[in-house]
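Remarks on the structure that follows.
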Amino acid sequence: MYEKYILQSEANRCLLCMDAPCTSACPSGLDPAKFLRSVRFENNAGAAEFIDTKVCKGCAGACENACVLPESRIRIRRAAECAENATKVYEDVDISVEFCGVKCENPFFLSSSCVAGDYEMCARALKAGWGGIVYKTIGFVVPNEVSPRFDAIDKGTEQFVGFKNLEQISDKPLEDNLAAIKKLKEDFPEKVIISSIMGSDEDEWTRLAKLSEEAGADIIECNFSCPQMVGEGMGSDVGTNPALVEKYTQAVGRGTKLPILAKMTPNITDMTIPAVAAINAKADGIAAINTIKCLTGIDLDEMCAKPSISGKCAVSGYSGKAVKPIALRFISDLAGCRELFGASLSGIGGIENWQDALEFIALGCSNIQVTTAVMQYGYRIIEDMIDGTKRFLSEHGFNSLKEIIGLAGRNIVNADELDRETAEFPVFDRQRCLGCGRCVISCADGGHNALTLDESRKPKMNSKCVGCGLCRLVCPVKAIGHSKRTAKKRRY
């Protein structure tokens, strides 16, 4: 009854090694590393194709003996016993999209950052299966970067829950970047190459757009949102100023006939205002979100924010899984704005797997951009993004990805429109329950004191329960479900 829990636990412990020794050691030619990686990225049905439960059951465990973890090796055979059956992938499922009027083989792109910073890196990503890249922002300024430039928030064994970067735009000469964009388009004509640009005045924006088009780019992305650019009138200083957004978007339009994508900053209360300014200035789409201004922590020994650069630090951009809820909120705002109807949306922020990506697509995005997950796990995550997406569409009766774009948006309403007359109450799986009492502690100290443990250490609910759902969220083995919605009993 703990199969899914065991499977996910073992996958989460896996180090996701490069050229994994476990796979090399398998005498049957199976791929336990890919099996565990697919589970890690929520593609359990796809994972089953890389393992054979019957073969693993009678195996001596050469893969486990090869595991690089010194003390507690991954229980690959036990995980294999818990694997789901593979579901059929229908080859006629179409995950191509049209974005800003440009046909894309799939919606998954690298975002403008260090993961898309030179020809060799971008070429490797495109060969791996990414539909396109947004080349790291180019400009006439060549920044002098700091070292170190990254920090991360961890929680338990989970790394990169949140990620901070102090990087600015490309630190390579403009001519080198333009040459890289040109070569990428020549070598990968079927892929979509987006040139991200940033100028310091109207003339620079116009010239950069013209040069990008001449280099062969398919789309121009205007970086109005980098939170750590130094220099007045650059980065997020632009994105919070609708007048500048409009002026610079118009300047870009004077330099190119290519589609224009405006990248928005989340360091603002209402993103729709500058987004509408961009669309009014003839932008074709909106990308959101760029990173959020942050300080990830303080080194209390040095009394300096992290990362310390000669004893000093600065506010800079926050990304990673932790920002996904914020990104989804802004995408929802943009998708629901009447003045933006018809504009293409590119979703960015906390996307690690196919489920994350489809959440953005279901809110209205036709393009997905990824950085932080690639920095942690590599370009290879595209394999499960594509496979998981195809399996989801097949299982739910969709023939194409286009069919789900925006489907969830209609169910986002104002808080005063929510059902407040009925409730869902917890239902306890007494067999699955371990008797840890976490639900009781959380309910007593952070809920409504509606739970106790009975003599067998199983939760027991009283009439104080209001159906808030906290107990379900804290249960470590997902042993708490919920009832059908029923009418509330008036307590007062």
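The values are calculated or read from the model by the stated rules, or taken from the named source; none is laboratory data. Keep in mind the model is a prediction, meaning the values are calculated, not measured. Using ideal geometry, Cβ is built from the backbone for each residue, glycine included, and neighbour counts are taken over all protein chains shown.
Overview of values
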| quantity | calculated |
| --- | --- |
| Any hit, the stretch 456-475, residues being among the polar types (S, T, N, Q) and either touching a His at 6+ places or on another chain (Cβ under 9 Å) or surrounded by 14 or more Cβ atoms within 10 Å (Cβ to Cβ) (or both) | no |
| Every residue from the stretch 297-317 that is in a strand (DSSP E or B) and loosely packed, with under 12 Cβ neighbours inside 10 Å | Lys312 |
| Search result, residues across the stretch 13-39 that are closer than 13 Å to Ile74 by Cα and in contact with a Leu (Cβ under 9 Å, 6 or more places away or on another chain) | Arg13, Cys14, Leu15, Leu16, Ala20, Cys22, Thr23, Ala33, Leu36, Arg37 |
| Filtered residues of the stretch 192-217 (kept if outside any helix (DSSP H, G or I) and crowded, with 22+ Cβ neighbours inside 10 Å) | Val192, Ile193, Ile194, Ser195, Ser196, Ile197, Met198, Gly199, Ala217 |
| Residue in the stretch 362-385 that is more than 17 Å from the chain's Cα centre (by Cα) and crowded, with 17+ Cβ neighbours inside 10 Å present | no |
| Qualifying position, being touching a Phe, Trp or Tyr at 6+ places or on another chain (Cβ under 9 Å) and not hydrophobic (A, V, I, L, M, F, W, C), among Ser225, Ser196 | Ser196 |
| Strands (runs of 3 or more DSSP E) fully within the stretch 98-186 counting 1 or more residues that are surrounded by fewer than 19 Cβ atoms within 10 Å (Cβ to Cβ) | 102-104, 150-155, 158-165 |
| Residue match in the stretch 320-342 (condition: touching a strand residue (DSSP E or B) at 6+ places or on another chain (Cβ under 7 Å), in a loop (DSSP other than H, G, I, E, B) and either surrounded by fewer than 16 Cβ atoms within 10 Å (Cβ to Cβ) or at negative phi (or both)) | no |
| Looking only at the stretch 343-358, and only at residues there that are in a loop (DSSP other than H, G, I, E, B) and either of a type outside the set (D, E, K, R) or not assigned by TED's automatic domain parsing to the domain that holds Phe109 (or both), the one that is surrounded by the most Cβ atoms within 10 Å (Cβ to Cβ) | Gly349 |
| Pick from the stretch 269-296, criterion under 16 Å from Cys226 (Cα atoms) and surrounded by fewer than 18 Cβ atoms within 10 Å (Cβ to Cβ), ranking: nearest to the chain's Cα centre (by Cα) | Lys293 |
| Identity of the residue in the stretch 42-77, within 28 Å of the chain's Cα centre (by Cα) and part of a helix (DSSP H, G or I), that ends up nearest to Pro21 (Cα to Cα) | Ile76 |
| Residue match in the stretch 23-35 (condition: modelled with pLDDT under 95, in a loop (DSSP other than H, G, I, E, B), surrounded by 14 or more Cβ atoms within 10 Å (Cβ to Cβ) and within 28 Å of the chain's Cα centre (by Cα)) | no |
| Lone qualifier among Ile292, Ile361 - being closer than 20 Å to Pro107 by Cα, in contact with a helix residue (DSSP H, G or I) (Cβ under 7 Å, 6 or more places away or on another chain), touching a residue at least 24 places away in the same chain (Cβ under 8 Å) and not assigned by TED's automatic domain parsing to the domain that holds Ala45 | Ile361 |
| Residue in the stretch 438-447 that is over 30 Å from Ser332 (Cβ atoms), assigned to a loop (DSSP other than H, G, I, E, B) and touching a helix residue (DSSP H, G or I) at 6+ places or on another chain (Cβ under 6 Å) present | no |
| Selected residue [under 18 Å from Ser316 (Cα atoms), out of contact with any Cys (no Cβ under 6 Å at 6 or more places or on another chain) and either of a type in the set (Asp, Glu) or not assigned by TED's automatic domain parsing to the domain that holds Arg254 (or both)] from Asp171, Asp203, Asp187 | Asp171 |
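One line per residue, one yes/no per condition, for (1) of a type in the set (S, T, N, Q); (2) on the phi > 0 side of the Ramachandran plot; (3) assigned to a helix (DSSP H, G or I):
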| position | (1), (2), (3) |
| --- | --- |
| Asp384 | no, no, yes |
| Arg391 | no, no, yes |
| Gly397 | no, yes, no |
| Leu407 | no, no, no |
| Asp416 | no, no, yes |
| Asp419 | no, no, no |
| Val427 | no, no, no |
| Arg432 | no, no, no |
